[in-house]
Amino acid sequence: MNVIVCVKQIPDPALPGELDPSTNTLKRDGKLILDESDSYGVEMALQLVTAAGGGEVSLVSMAPNDEVSGLRTALAMGAAKAVLVSDPSLAGADALTTAKVLAAATKRLGDVDLIIAGTESSDGYTGTVPEQLAEVLGLPSITFAKTVEIADGTLKVDRQTEAGYDEVTCPLPAVVSVTAGVVEPRYPSFKGIMAAKSKPVDTVTAADLGVESVSWAQQITSVEDAPAREAGEVIEDDGESFNKIVEFLDNLKVI
Amino acid sequence: MSWELSDDHEMLRATVRDFAAQEIAPHAAEWDRTCHFPTDVVRAMGELGLFGIVFPERWGGGGGDFASLCVAIEELGRVDQSMGITLSAGVGLGANPVFRFGDDDQRDQWLPELVAGSSLGAFGLTEPDGGSDAGATRTRAELVGDEWVINGSKAFITNCGTDITSIITVTARTADGISAFVVPAGTPGMVIEPAYDKLGWHASDTHGITFVDCRIPAENLLGQPGKGFRNFLSILDDGRIAISALALGSARACLELSLDYAQQRHAFGGPIGRFQGLSFQLSDLAVQVENAHNLTYKAAWLKDQGRPIGQAAAMAKLYSTEAAMDAARVATQVFGGMGFMEESPVARFYRDAKILEIGEGTSEIQRLVIARNLGLPVE
């Protein structure tokens, strides 16, 4: 069983981020790390391959400046190899372009049974790449998986919804997006870290993938600060204030 | 020339930092308060490969360098000194003597579990009547038939009484001088005394040991007879670099906690960090942390280069442990009354720091070693 995981390398969320004023996108020229929301997909993939009794986990990623730091973390966890698309012409690419590039990258890895992605990245948050990737590849797509199982060549997913979850099945190969918490990501072991540096990372450009004339329609036209939180309402207790609290909670539909 | 650790070191640091934040930090105060040795977490440290970092793959190790071990000890120590010393002692005093001085049979028998962190080894050198004066060992071992019979006592032995302790390496006087022996845990005649009531390192396992006609097979002699003392002096050199890394973790934690507090805590209309009386102390502390880092990793680098480390290890241990003590004193002062309360971690770091200046060679012994290396006719 061969699984590909789409992983994003992002600026460290613990450090202050900065926008590029010309494109309104996040500056990504420093060291990048593995998006934590993708560590769940990597762990899920490793568990599925182990359960299947064979196969391997491969990674695809798109990042500037041949950045591999985040990929190394996923390789240290146990992934076998990676394809990294690094191309200045892709700076600021929109979600659909990203999906097309990642789709082309997955094809470099040959036959695959399952492609896993996070539901959304922690820095861009479009939350649309996994479904677009499935469409580009012509594969079925299941989103918001909170559990993933494979039995008799069929993908069985509990799909998180607002009300609960749907039980969904679909044939393989397929694309599934997993929520944070689907599994508990392992810590890379010391041996994993030592082994990661000798695992192959195939670094390619858009042209190498046959992705021609890279351009996209989507642009971020402006970025505004979130409105400052308004001061709350202060209720002086006159002995009846609990009614106002109940009314407030009732308006929120939480009681 | 480079002053930077490698990408591998930094990935290990990030991993151990994450592990310590998730698995240790939330429990450290509780383990300290209840003197609880968290066996499960020590096993998890083993699964991360921390106990095997420096050992060859043949026995399940990671084949890594000593600087990597220092990174791991520093990061554990930054959150919980007890877990830092558990790793440092498990590697340096538990597994290392078997690896360095054992024959292949002994290595094959004991190392795989020690390297995996599924068992722990301890090192019995210090005696109630002889700490720094390790040459004055009074514990005796006598060859009777095909068995060694050990009598005597050992003091302050880390990791010797845990649920997963597998061996205790013991030095004892024999006909040829001082020799070393591997005593399996549970051997009749070896009595692990009740745990000490310590000032700090509460989650670390420490006991005295008494030997009363304790019999072990003749093949449990570790290394050559009469070479035990010399062998263990070289083990201590490695341990000094590891303790330096542990002290660095403590000093760094105290600096970071103080920096946070100095900006959050307001008095006289603003953060207390704007007062020179406080900010200059933290400036000096930052210099000490930088120095401790440089001395620790310089010594580790020398060891990884196969160069002599005696002087560098003594300097690193001396400086870093005294810096850790200074840092704990400054941090508790920055925290004021809160620094004296056990609900703030600096109180724990304060209690934990003192032993750093004592264990694995006191500051006085480090100064003696340094003076001798300077060519002075020190007694």
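The values are calculated or read from the model by the stated rules, or taken from the named source; none is laboratory data. Fair warning: this is a prediction, and the values are worked out from it, not measured in the lab. Every residue, glycine as well, gets a Cβ built from its backbone with ideal geometry; the counts of neighbours run over all protein chains shown. Ligands, DNA and RNA are excluded from the accessible area calculation, which covers all protein heavy atoms including side chains. Shrake-Rupley method; radii C 1.70, N 1.55, O 1.52, S 1.80 Å.
Brief remarks follow.
- Rounded to 5, the percent of DSSP beta bridges in region A:2-204 classed as antiparallel: 45 percent
- Accessible area in square angstrom per residue, region B:229-373, 1.4 angstrom probe: 45 Å²
- For region B:189-239, diffusion coefficient by Stokes-Einstein and Kirkwood Rh (Cα), 4 °C, 1.567 mPa s, µm²/s: 93 µm²/s
- Computed on chain A, with alpha-carbon pairs under 8 angstrom and 6+ residues apart, the relative contact order is 23 percent.
- Spatial offset of region A:59-102 relative to region B:109-142 amounts to 50 Å, using the alpha carbon center of each.
- Convex hull of alpha carbon positions in chain B: directionally averaged projected area 19.3 nm².
- Burial of 40 Å² or greater, region B:5-51 residues [accessible area, probe 1.4 Å, versus chain by itself]: B:Asp8, B:Met11, B:Thr15, B:Leu48
- For A:Lys81, the amide hydrogen comes within under 5 Å of the amide hydrogens of A:Leu59, counting only partners 5 or more places away or on other chains and with H modelled in the peptide plane.
- Looking at chain B alone, DSSP beta bridges between its own residues are antiparallel in about 80 percent of cases.
- Kirkwood hydrodynamic radius over Cα pairs of the protein assembly as shown, then Stokes diffusion coefficient at 25 °C and 0.890 mPa s, in µm²/s: 88 µm²/s
- At 0.890 mPa s and 25 °C, Stokes diffusion of region B:7-120 via Kirkwood alpha-carbon radius, µm² per second: 174 µm²/s
- Note on A:177-188: average number of Cβ atoms from other chains within 10 Å of each residue's Cβ is 2.
- Interface residues in region A:192-215 - accessible area drops by 20 Å² or more relative to the isolated chain, probe 1.4 Å: A:Ile193, A:Met194, A:Lys197
- Where region B:120-227 is the region considered: accessible area per residue in Å², 1.4 Å probe: 41 Å²
- Stretching B:Ala195 away from B:Asp104 to a fully extended chain increases their span by 29.4 nm, per 0.36 nm per residue minus the current alpha-carbon distance.
- For B:Phe123, the amide hydrogen comes within under 5 Å of the amide hydrogens of B:Thr158, B:Thr169, counting only partners 5 or more places away or on other chains and with H modelled in the peptide plane.
- Taking Cα atoms only, the orientation of helix A:95-107 departs from the longest principal axis of chain A by about 30 degrees.
- For region B:122-225, the percent of C-alpha pairs falling in each 5 Å distance bin, counted from 0 to the bin holding the largest distance, reads 3, 14, 25, 26, 18, 9, 4, 1, 0.
- Here the Gaussian network model covers chain A, with springs between Cα atoms less than 10 Å apart; of A:Asp35, A:Asp66, A:Asp237, A:Asp237 fluctuates the most.
- Relative to one another, the C-alpha centroids of region B:59-95 and region A:104-136 are positioned 39 Å apart.
- In region B:1-142, Cα pairs under 8 Å separated by at least six residues give a relative contact order of 23 percent.
- About its Cα centre, region B:122-225 has a charge dipole of approximately 120 debye under the convention of +1 per Lys or Arg Cβ and -1 per Asp or Glu Cβ, with nothing else charged.
- Beta bridges per DSSP, both residues in the protein assembly as shown: antiparallel share near 60 percent.
- Solvent-accessible area, 1.4 Å probe, carbon plus sulfur percent, for region A:2-204: 50 percent
- Among the protein heavy atoms of chain B, carbon and sulfur supply 53% of the accessible surface, probe 1.4 Å, non-protein parts ignored.
- With a threshold of 29 Å on the Cα-Cα distance, the over-threshold entries among B:Lys154/B:Lys298; A:Lys199/B:Lys317; A:Lys8/A:Lys199; A:Lys31/B:Lys354; A:Lys197/B:Lys303; B:Lys154/B:Lys354 are B:Lys154/B:Lys298; A:Lys199/B:Lys317; A:Lys31/B:Lys354.
- Charging the Cβ of each Asp and Glu at -1 and of each Lys and Arg at +1, and nothing else, the dipole of region B:229-373 about its Cα centre rounds to 300 debye.
- For region A:14-131, the C-alpha radius of gyration divided by 2.2 N^0.38 Å, with N the number of residues, is 1.08.
- In region A:54-72, burial by the other protein chains removes 10 Å² or more of 1.4 Å probe accessible surface, compared with the chain on its own, from A:Arg72.
- Computed from backbone phi with θ = phi - 60° and the Karplus coefficients 6.51, -1.76 and 1.60, the 3J(HN,Hα) list for region A:8-14 is 9, 9, 10, x, 4, x, 6 Hz; x is used for glycine and proline.
- Couplings for region B:40-55, taken from phi via the Karplus curve 6.51 cos²θ - 1.76 cosθ + 1.60 with θ = phi - 60°, read 4, 6, 5, 4, 5, 4, x, 5, 5, x, 5, 6, x, 3, 8, 9 Hz in order; Gly and Pro are left as x.
- Here A:Lys244 is the anchor, and the lysines within straight C-alpha reach of less than 19 Å, apart from those fewer than 8 places off in the same chain, are A:Lys253.
- Packing order of peptides A:193-202, B:117-126, B:267-276, B:140-149, highest average first: B:117-126, A:193-202, B:140-149, B:267-276 (average count of other Cβ atoms within 10 Å over each peptide's residues).
- Of the chymotrypsin sites (Phe, Trp or Tyr not before Pro) found in region A:154-226, those in coil by DSSP whose Cβ has at most 16 other Cβ atoms within 10 Å are A:Trp216.
- Size of electric dipole in the protein assembly as shown: Cβ of Lys, Arg +1 and of Asp, Glu -1, about Cα centre, debye, nearest 20: 2160 debye
- For region A:2-204, the spherically averaged projection of the C-alpha convex hull amounts to 11.3 nm².
- Nonlocal amide H pairs with A:Phe144, under 5 Å, H built at 1.01 Å: A:Ser177
- Taken along its principal axes, the alpha carbon cloud of region B:229-373 reaches lengths of 59, 25, 24 Å, longest axis first.
- For the chain pair A and B, the buried solvent-accessible surface (1.4 Å probe, both sides summed) amounts to about 1200 Å².
- Relative to the longest principal axis of the Cα atoms of chain B, helix B:310-335 runs at roughly 40 degrees.
- Karplus-derived HN-Hα couplings along region A:144-154 (A = 6.51, B = -1.76, C = 1.60, θ = phi - 60°), whole Hz, x at Gly and Pro: 6, 6, 9, 9, 9, 9, 10, 9, 6, x, 10
- Charge dipole (the protein assembly as shown, unit charges on Cβ, about Cα centre) - positive-most of B:Ala313, A:Thr106, A:Pro88: B:Ala313
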